[in-house]
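Here the structure comes first, spelled out in structure tokens, and everything after it is commentary.
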Amino acid sequence: MPTPRQDAADHTFQCPCCQGTEFTDLYGVTDTNQDVPGKWSIVACRHCGLGALWPMPTPQETSDFYEGQFYTSDGKRFSSLVERLRHFAGYARGRTLNRLASRPGLLLDYGSGAGHFASAQRASGWEVHTVDPYSAASQEAARATLDNRGNPTLHYPDAHFDAISLWYVLEHILDPQATLAELLRILKPGGILLLAVQDFSSIQARVFRDKWLILDPPRHIWQFAPHNLDSFLLRFGMPRVALTRSSLEFGPFTILQSALNCLTGNRNHLFRMLKHSALPTKSGNRASLPGAIASLIALPALAPLSLITYFALLAVGSSDVFTAYYRKPHHG
Ligand SMILES: [Zn+2]
């Protein structure tokens, strides 16, 4: 089993994917979504290309990013129309898992947020447990106890679940090795682990760099790509059994907002307008008026272009996000 990462205070750390210790400084970033004050760098592992936020936040800072910031009390992040679209996207998200599993069983959705995926999977016949240490909408939040490093103990028996899903969660976790080890403890042999993350090796990530909407510093600590996520999971003896890239719910909008960031200032004006009005930002400044107006003017031309670009890039195998499925072996 992998050993835990070194303390970030050492100013050196080990890549969780390849255990390399040499990183290249790529570019500087600030929080363009929720205005957490500070400046960071995005660094990349010289061996496997894994992106990381530097300096890394402390466990206390990571939890501060979410308490009262990320979700409203009912777990919703966006205006009601967008939340309704996310509800329907929940059904599309289950397709590959439902194909890989021989039959619906017991599913844990870890980092469940507002619970859209859970309700869609229940409708497909799964018994779903949701655990999210940072969302009040997660009814089983108490099943996770975080230690002072932010690592969870999950109060379930060994080999309990047929499938475990993490939709856009792994990139937020300070010590992904410790969390994965605990999740794999409660996954049955033959069970499926689903990991959805943004793709740092995508053309989108390389072109937009610090203006890429889903870079989302300082909440996203890690920037994975399919090849290094596979290396990471192989260290736990977990081979990949499927990979999907299409994401109509994220892809076109990510391209649109990232392109707007290049034209109207790197402030995610449009994205801020879509967020739930009850969600505070650190500065209280939601979107500047000139930037918001410029974004709305550019929208009619850029929206169809973004949709076309999304499909063109998908056709050459490049997508902002990907979903990887790993199966736990029956032995070893
Ligand atoms: Zn690496």
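The values are calculated or read from the model by the stated rules, or taken from the named source; none is laboratory data. Keep in mind it's a predicted model, so treat the numbers as computed, not measured. For neighbour counting, all protein chains shown are included, and Cβ atoms are generated from backbone atoms with ideal geometry for every residue, glycine included. For accessibility, only protein heavy atoms count, side chains too; no ligands or nucleic acids. Shrake-Rupley method; radii C 1.70, N 1.55, O 1.52, S 1.80 Å.
Details
Residues checked against (1) at pLDDT below 90; (2) open to solvent by less than 50 Å² (accessible area, probe 1.4 Å); (3) in contact with a helix residue (DSSP H, G or I) (Cβ under 6 Å, 6 or more places away or on another chain):
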{"site": "A92", "(1), (2), (3)": "yes, no, no"}
{"site": "L97", "(1), (2), (3)": "no, yes, no"}
{"site": "L100", "(1), (2), (3)": "no, yes, no"}
{"site": "R103", "(1), (2), (3)": "no, no, no"}
{"site": "L107", "(1), (2), (3)": "no, yes, yes"}
{"site": "G115", "(1), (2), (3)": "yes, yes, no"}
{"site": "A120", "(1), (2), (3)": "no, yes, yes"}
{"site": "A123", "(1), (2), (3)": "no, no, no"}
{"site": "H129", "(1), (2), (3)": "no, yes, no"}
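- Scope segment 26-60; condition within 15 Å of the ligand (Cβ to nearest atom) and surrounded by fewer than 15 Cβ atoms within 10 Å (Cβ to Cβ); matching residues: R46
- Count - residues of segment 12-24 that are surrounded by fewer than 19 Cβ atoms within 10 Å (Cβ to Cβ), touching a residue at least 24 places away in the same chain (Cβ under 8 Å) and either assigned to a strand (DSSP E or B) or more than 16 Å from the ligand (Cβ to nearest atom) (or both): 0
- Check on I255, surrounded by 22 or more Cβ atoms within 10 Å (Cβ to Cβ) and either under 23 Å from F117 (Cα atoms) or more than 16 Å from the chain's Cα centre (by Cα) (or both): yes
- Single residue of L193, L215 found to be crowded, with 22+ Cβ neighbours inside 10 Å, more than 17 Å from N33 (Cβ to Cβ) and within 17 Å of the chain's Cα centre (by Cα): L193
- Residue check for R240: open to solvent by 20 Å² or more (accessible area, probe 1.4 Å) and either within 15 Å of the chain's Cα centre (by Cα) or without any contact (Cβ under 8 Å) to a residue 12 or more places away in the chain (or both): no
- Test: R84 is at pLDDT 90 or above, surrounded by fewer than 17 Cβ atoms within 10 Å (Cβ to Cβ) and more than 16 Å from the ligand (Cβ to nearest atom): no
- Test: residue in segment 163-180 that is farther than 30 Å from L26 by Cα, open to solvent by less than 10 Å² (accessible area, probe 1.4 Å) and under 14 Å from the mean Cα position of the chain (by Cα): yes
- Answer residue from segment 258-293, given it is β-branched (V, I, T) and at pLDDT 75 or above and is surrounded by the fewest Cβ atoms within 10 Å (Cβ to Cβ) among those: I293
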